[in-house]
Amino acid sequence: MAMGQPGRHTRAVAPVYGSRIGYAPVDPADATAPGQFDLGTLRTLIDLLASDTRGI
């Protein structure tokens, strides 16, 4: 997991590479590190990535 804008994508793609855990604040104002997506956004990104990779 990387932090800040340059590493933000790693929070969404980590499950594609086998990560089973992640963290996202429910409210973006409660972020504890730079680059964190809020829970709703992260869930959407993970779902989209999972649906795109199921056929691989």
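For this structure, a couple of remarks:
- Selection count, the stretch 1-27, where residues are touching an Asp or Glu at 6+ places or on another chain (Cβ under 8 Å) and open to solvent by 50 Å² or more (accessible area, probe 1.4 Å): 2
- Pairs, first over 21 Å from Leu49 (Cβ atoms) in the stretch 9-36, second among the aromatic types (Phe, Trp, Tyr) and open to solvent by 60 Å² or more (accessible area, probe 1.4 Å), C-beta under 8 Å, six or more apart: Thr32/Tyr23
- Test: Arg43 is assigned to a loop (DSSP other than H, G, I, E, B), among the charged types (D, E, K, R) and open to solvent by 100 Å² or more (accessible area, probe 1.4 Å): no
The values are calculated or read from the model by the stated rules, or taken from the named source; none is laboratory data. All values derive from a computational prediction rather than experimental measurement. We place every Cβ from the backbone using ideal geometry, glycine too, and count neighbours over all the protein chains shown. In case anyone asks, the SASA skips ligands and DNA or RNA and just uses the protein heavy atoms, side chains included. Shrake-Rupley method; radii C 1.70, N 1.55, O 1.52, S 1.80 Å.
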